[in-house]
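Accompanying notes for the structure given below.
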Amino acid sequence: MNIIDPLTDPRWNELVSRHPKASAFHRRGWLAALSDTYGYEPFAVTSAEPGEPLEDGLVACRIRSWLTGTRIVSLPFTDHCDLLAGDAQTEGRLFDRMIEEAKRGRCSYLELRPLSSPSSLESGFQAGESYCFHELDLAPSLDELHKALHKDSIRRKIRRAEETPLVYETGSTNRFIETFYHLLLITRRRHHLPPQPKSWFRNLVKQMGDAVSIHVARKDGAAIAAILTLRHGTKVIYKYGCSDGAFHQLGGMPFLFWKLIEESKGSGASTIDFGRSGTENEGLIAFKSKFGAAKRTLTYFRYPRVDKPNAGDWGDSRLARRVFSILPDGVLSAAGKVLYKHIG
């Protein structure tokens with residue numbers, strides 16, 4: 001088993017382009033944005049020898065933090081990251097090699113975030129956090145997809161948004177990034193949490209190009225809701241969403257999701273990944289389900305078998321949320337810039 005640098009090895013992109021389990025999270029652009037924004041160190045283990053084509057790979061990032069410790073995560077700030085392999089024997093060897101790397105680096109733990117549970121996880125792993133995962137199958141006709149929307153909570157709000165009317169636009173220029181970040185700051189303040197650093201979104205657009213889209217709903221020129229999506233092949237991922245609570249009655253978010261469904265279906269996409277939701281977040285789970293998206297459990301795995309707190313658990317602290325709720329916008333943004341690199 002060998003270690004490669006997916007940021008410089010041209011074989012990595014080739015593997016990602018053809019492997020059926022690959023997603024936008026495997027792309028070099030996503031890895032480069034993680035490295036540029038947070039200083040993480042992407043690497044991948046593979047059975048291929050130097051010069052041979054890649055037939056498999058397990059990608060991860062080394063996170064070195066004086067606040068939360070050294071660890072390996074596959075991948076930080078990523079809802080899921082499947083192992084790219086073809087058989088259980090190869091899977092087992094890749095897991096063993098990744099464990100060796102975690103031990104060699106004296107990491108506090110190794111975390112895997114597979115979309116589907118691997119068939120050959122080494123016995124030293126333990127199930128960690130579990131989430132609710134939603135995915136919408138776009139195989140039905142657009143009319144059937146519309147009929148599957150919840151009549152009152154979604155279809156009625158979409159109709160209201162269209163009658164208002166809300167204006168829809170999509171792009172990835174700096175104007176779109178600024179609009180998105182303005183709404184993100186409003187949303188994170190509403191949730192008493194700091195926003196991700198603006199440089200994260202700038203780096204995503206810079207490194208991933210047209211695989212990133214920002215979708216905005218406007219009322220009389222003012223942005224009231226926005227979502228950021230990723231695309232790889234026929235798979236679309238809804239990654240971030242934000243809105244101005246003062247305009248929720250206009251149905252901006254349902255309107256944007258329906259536009260996304262229309263666009264994705266029209267461009268030949270096969271699925272829309274609605275992402276993970278905390279199992280305690282019943283409201284968000286119900287909202288995603290009302291679009292006809294199927295749900296299932298998404299479970300992360302850790303090695304070794306010891307209980308360690310999640311690096312991001314500070315977000316659950318009542319004291320932390322109380323402090324974040326009263327910080328001025330500039331200070332809140334600065335807090336996110338400092339904290340997020342420690343919690344991937």
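You will find that of Ile177, Ile72, the residue that is outside the structural domain of Leu250 (by TED's automatic domain parsing) and of a type in the set (A, V, I, L, M, F, W, C) is Ile72 and no other.
On the stretch given as region 241-262, residues that are in contact (Cβ under 8 Å) with a residue 60 or more places away in the chain and over 18 Å from Arg156 (Cβ atoms) total 2. Need pairs with beta-carbon distance below 6 Å; first residue closer than 25 Å to Gly39 by Cβ and part of a helix (DSSP H, G or I) and within region 319-344, second aromatic (Phe, Trp, Tyr) and modelled with pLDDT of 65 or more; sequence gap 6+ or separate chains. Qualifying pairs under 6 Å: Lys341/Tyr38. Of the residues making up region 123-159, just one is out of contact with any strand residue (DSSP E or B) (no Cβ under 7 Å at 6 or more places or on another chain), acidic (Asp, Glu) and at pLDDT below 95, namely Asp152. Annotation: Ser153 fulfils all but one of (1) in contact with a Lys or Arg (Cβ under 9 Å, 6 or more places away or on another chain); (2) within 30 Å of Gly29 (Cβ to Cβ); the unmet one is (2). Taking region 62-109 as the range and being under 20 Å from Ile343 (Cβ atoms) and in a strand (DSSP E or B) as the test, the residues that pass are Arg62, Ile63, Arg64, Ser65, Gly69, Thr70, Arg71, Ile72, Val73, Ser74, Tyr109.
Among the conditions (1) assigned to a helix (DSSP H, G or I); (2) among the acidic types (Asp, Glu); (3) in contact with a Leu (Cβ under 9 Å, 6 or more places away or on another chain), Glu263 misses just one, which is (3).
The set of residues in region 63-99 that are among the acidic types (Asp, Glu), more than 20 Å from Lys235 (Cα to Cα) and in contact (Cβ under 8 Å) with a residue 60 or more places away in the chain contains only Asp96. Hey, among the residues in region 66-122 that are closer than 20 Å to Glu55 by Cβ and surrounded by fewer than 16 Cβ atoms within 10 Å (Cβ to Cβ), which one's nearest to the chain's Cα centre (by Cα)? Among residues in region 66-122 that are closer than 20 Å to Glu55 by Cβ and surrounded by fewer than 16 Cβ atoms within 10 Å (Cβ to Cβ), the one nearest to the chain's Cα centre (by Cα) is Ser116.
So, Pro42, is that one over 30 Å from Gly268 (Cα atoms) and assigned to a strand (DSSP E or B) or not?
Criteria met by Pro42.
Listed conditions (1) of a type outside the set (Phe, Trp, Tyr); (2) farther than 30 Å from Val73 by Cα; (3) assigned by TED's automatic domain parsing to the domain that holds Phe95 are all met by Gln126, apart from (2). Just a yes or no: is a residue in region 41-62 surrounded by 23 or more Cβ atoms within 10 Å (Cβ to Cβ), under 30 Å from Ala286 (Cβ atoms) and without any contact (Cβ under 8 Å) to a residue 60 or more places away in the chain? Among the residues of region 41-62, not one is surrounded by 23 or more Cβ atoms within 10 Å (Cβ to Cβ), under 30 Å from Ala286 (Cβ atoms) and without any contact (Cβ under 8 Å) to a residue 60 or more places away in the chain, which makes the answer no. Restricting attention to region 56-81, and to residues there that are of a type in the set (D, E, K, R) and at pLDDT 95 or above, which single residue is farthest from Tyr303 (Cα to Cα)? Restricting to residues being of a type in the set (D, E, K, R) and at pLDDT 95 or above, the top hit is Asp56.
The values are calculated or read from the model by the stated rules, or taken from the named source; none is laboratory data. Computed from a predicted structure; not experimentally measured. Neighbour counts are summed over all protein chains in view; Cβ atoms, including those assigned to glycine, are modelled from backbone coordinates with ideal geometry.
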